[in-house]
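A.B. asks: Questions regarding the structure given below will be posed in turn.
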Amino acid sequence: MVTAAMEGGGGGGRPSALQAALLAASAALTALLCSAYRRKARLARGLQGARRLRLDGELRAVLLEAPGRCVPYAVIEGVVRSVKDTLSSQFVEDCEGVVQRLTLQEHKMVWNRTTHLWNDYEKVIHQRTNAAPFDLAPPEDGAGVAVRVMKPLEAAELSLETVYEKFHPSVQSFTDVLGHYISGERPKGIQETEQMLKVGTVLTGVGELVLDSNTIRLQPPKQGLRYYLSSADFDALLQKQQANVRLWKVLAVLSGFATCAVLFFLLRKQYRHRRERQRLKQLQEEFRQAQEQRLTREAGAEGAEGPRNACVICLSNAKACVFLECGHVCSCSECYRALRDPKACPVCRQPIARVVPLYNS
């Protein structure tokens, strides 16, 4: 498709509107991908440089020694423990958590007028998230230290476990089915889902660690760094982010190569058009010079030999008489009048009975 668009340009050296639009779109896409890659790489470098701290009795002493009692970007691992009340599952007994997300999702089939196929379509029609205050505590009880997690819903990689999922198929009559086929939408049903962050889940938190009075708080970091709450350990989280960076890098490089290819094609086309114009100009100049040389040679030949229909007597005037009865055309009017009587043809020496004037048109 790109090749057809490139070849379909105008015959001139200047790129067509389609080619210019293709180059601009490719350059814009490359710029966006490069910007995303730099942002992902900066986040991955920040995550790699985060300070890893142990959730033990020495954590408070480390924060007391830190400037402003704050570690700007720290990694802490612990077990989820509720501060006050927990959230109970609406569908599963004895399931307690600190974050609860209820989702209603509509499933239907939509007719694609382009491909003439029915495609699956999903849409969230309702979602509610509840959160209760919780801490990250050491796996061992009695350590006497805990980290209060602030604003958990702003964290990336927040790991919620699906505790309940049920699909409610839609009940349709024949009239409904017929109407759905006409409208191009066929409802399949509603999916009900409940997800929770259970008490006792092991979490890895990455953010700003602050000692405020007697409370250690983990909160969203500053300086554009990302806040993480993940059930994976730190090494797995870092590897995932680095793999994401490599993916964006590959996409940016491929888009850059495509942009360079489009630019190279347009420059090559313009160069070939310029060469063709120079070649045509050179051919025209050679043709003009050859024509001048031919005209010069003909003029020289006429000056040396005289005109082809020149009088055979004076060799300067044009032939203007037809001698009868021999029929020779060989003399001009002046030379004919200058012939001695009896006048005879200067070619065959036969007597000239009469003369017919010759008119050249």
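A.B. asks: From the list Leu237, Leu211, exactly one residue is open to solvent by less than 40 Å² (accessible area, probe 1.4 Å) and assigned to a strand (DSSP E or B). Which is it?
C.D. replies: Leu211
A.B. asks: Could you count how many residues in the range 106-123 are more than 12 Å from Gly189 (Cα to Cα) and aliphatic (A, V, I, L, M)?
C.D. replies: Total meeting the criteria: 2.
A.B. asks: Moving on to the next point. Quick one: which of Arg308, Arg294, Arg349 is modelled with pLDDT of 85 or more and of a type in the set (Lys, Arg)?
C.D. replies: After ruling out the rest, the residue left standing is Arg349.
A.B. asks: If only one of Gly205, Gly189, Gly200 is open to solvent by 40 Å² or more (accessible area, probe 1.4 Å) and outside any helix (DSSP H, G or I), which one is it?
C.D. replies: None of the others qualify; the one that does is Gly200.
A.B. asks: Follow-up question, since we're still on this one. Checking the conditions here, which among Thr193, Thr215, Thr201, Thr175 is of a type in the set (S, T, N, Q) and in contact with an Asp or Glu (Cβ under 7 Å, 6 or more places away or on another chain)?
C.D. replies: Unique residue meeting the criteria: Thr193.
A.B. asks: Can you name the residue in the range 118-148 that is open to solvent by 30 Å² or more (accessible area, probe 1.4 Å) and either in a loop (DSSP other than H, G, I, E, B) or free of Cβ contacts under 8 Å to residues at least 12 places away in the same chain (or both) and is also farthest from Pro220 (Cα to Cα) among such residues?
C.D. replies: Step by step, filter the range 118-148, then rank; the result is Asn119.
A.B. asks: Still on this structure, I have one more. Only one residue in Lys151, Lys166 is farther than 30 Å from Glu208 by Cβ, open to solvent by 80 Å² or more (accessible area, probe 1.4 Å), of a type in the set (Lys, Arg) and at pLDDT 90 or above, so which one is that?
C.D. replies: One residue alone meets the criteria, Lys166.
A.B. asks: It is to be established whether one or more residues within the range 57-72 are under 25 Å from Ser231 (Cβ atoms) and loosely packed, with under 11 Cβ neighbours inside 10 Å.
C.D. replies: No, every residue in the range 57-72 fails to be under 25 Å from Ser231 (Cβ atoms) and loosely packed, with under 11 Cβ neighbours inside 10 Å.
A.B. asks: Considering the range 170-208 alone, what residues qualify as being in contact with a helix residue (DSSP H, G or I) (Cβ under 6 Å, 6 or more places away or on another chain) and closer than 24 Å to Asp235 by Cα?
C.D. replies: Across the range 170-208, the qualifying residue is only Thr204.
A.B. asks: Out of all the residues in the range 249-262, is one or more at pLDDT 90 or above, within 30 Å of Ala66 (Cα to Cα), open to solvent by 60 Å² or more (accessible area, probe 1.4 Å) and not small (Gly, Ala, Ser)?
C.D. replies: Scanning the range 249-262 turns up no residue that is at pLDDT 90 or above, within 30 Å of Ala66 (Cα to Cα), open to solvent by 60 Å² or more (accessible area, probe 1.4 Å) and not small (Gly, Ala, Ser).
A.B. asks: Within the range 61-70, is there a residue that is modelled with pLDDT under 90, outside any strand (DSSP E or B) and farther than 29 Å from Gln223 by Cβ?
C.D. replies: No, the conditions are met nowhere in the range 61-70.
A.B. asks: Mind listing whichever residues of the range 318-337 are touching a residue at least 12 places away in the same chain (Cβ under 8 Å) and either open to solvent by 80 Å² or more (accessible area, probe 1.4 Å) or on the phi > 0 side of the Ramachandran plot (or both)?
C.D. replies: Taking the range 318-337 first, the residues touching a residue at least 12 places away in the same chain (Cβ under 8 Å) are 318-326, 328-336.
Once the filter is applied, which keeps residues that are touching a residue at least 12 places away in the same chain (Cβ under 8 Å) and either open to solvent by 80 Å² or more (accessible area, probe 1.4 Å) or on the phi > 0 side of the Ramachandran plot (or both), the range 318-337 yields Glu325, Glu334.
A.B. asks: Let me ask you something else. Can Val177 be described as within 23 Å of Thr103 (Cα to Cα) and either surrounded by fewer than 13 Cβ atoms within 10 Å (Cβ to Cβ) or of a type in the set (Lys, Arg) (or both)?
C.D. replies: no
A.B. asks: Then there's this: Does Gln223 meet the test of being crowded, with 20+ Cβ neighbours inside 10 Å, touching a helix residue (DSSP H, G or I) at 6+ places or on another chain (Cβ under 9 Å), more than 25 Å from Ala137 (Cα to Cα) and in contact (Cβ under 8 Å) with a residue 60 or more places away in the chain? Let's see the steps before the verdict.
C.D. replies: On the way: crowded, with 20+ Cβ neighbours inside 10 Å: no; touching a helix residue (DSSP H, G or I) at 6+ places or on another chain (Cβ under 9 Å): yes; more than 25 Å from Ala137 (Cα to Cα): yes; in contact (Cβ under 8 Å) with a residue 60 or more places away in the chain: yes.
Taking the combined requirement at face value, the residue does not satisfy it.
A.B. asks: Oh, and also: Pick from Glu122, Glu106, Glu58, Glu154: which is more than 36 Å from the chain's Cα centre (by Cα) and among the acidic types (Asp, Glu)?
C.D. replies: Only one candidate passes the filter, namely Glu58.
A.B. asks: Anything in the range 44-56 that is surrounded by fewer than 18 Cβ atoms within 10 Å (Cβ to Cβ) and either charged (D, E, K, R) or not in a loop (DSSP other than H, G, I, E, B) (or both)? List them, or say none.
C.D. replies: Scanning the range 44-56 gives Arg45, Gln48, Arg51, Arg52, Arg54, Asp56.
A.B. asks: Next question. Answer with yes or no whether Leu266 is in contact with a Pro (Cβ under 7 Å, 6 or more places away or on another chain), touching a residue at least 24 places away in the same chain (Cβ under 8 Å) and assigned to a helix (DSSP H, G or I).
C.D. replies: yes
A.B. asks: From the residues in the range 69-102 that are more than 24 Å from Ala232 (Cα to Cα) and in contact (Cβ under 8 Å) with a residue 12 or more places away in the chain, which one is nearest to the chain's Cα centre (by Cα)?
C.D. replies: Once the filter is applied, the top-ranked residue is Cys70.
The values are calculated or read from the model by the stated rules, or taken from the named source; none is laboratory data. These figures come from a predicted structure and were not determined experimentally. Cβ sites come from the backbone with ideal geometry, for glycine too, and all protein chains shown count toward neighbours. Note: areas computed on protein heavy atoms with side chains; ligands, DNA, RNA excluded. Shrake-Rupley method; radii C 1.70, N 1.55, O 1.52, S 1.80 Å.
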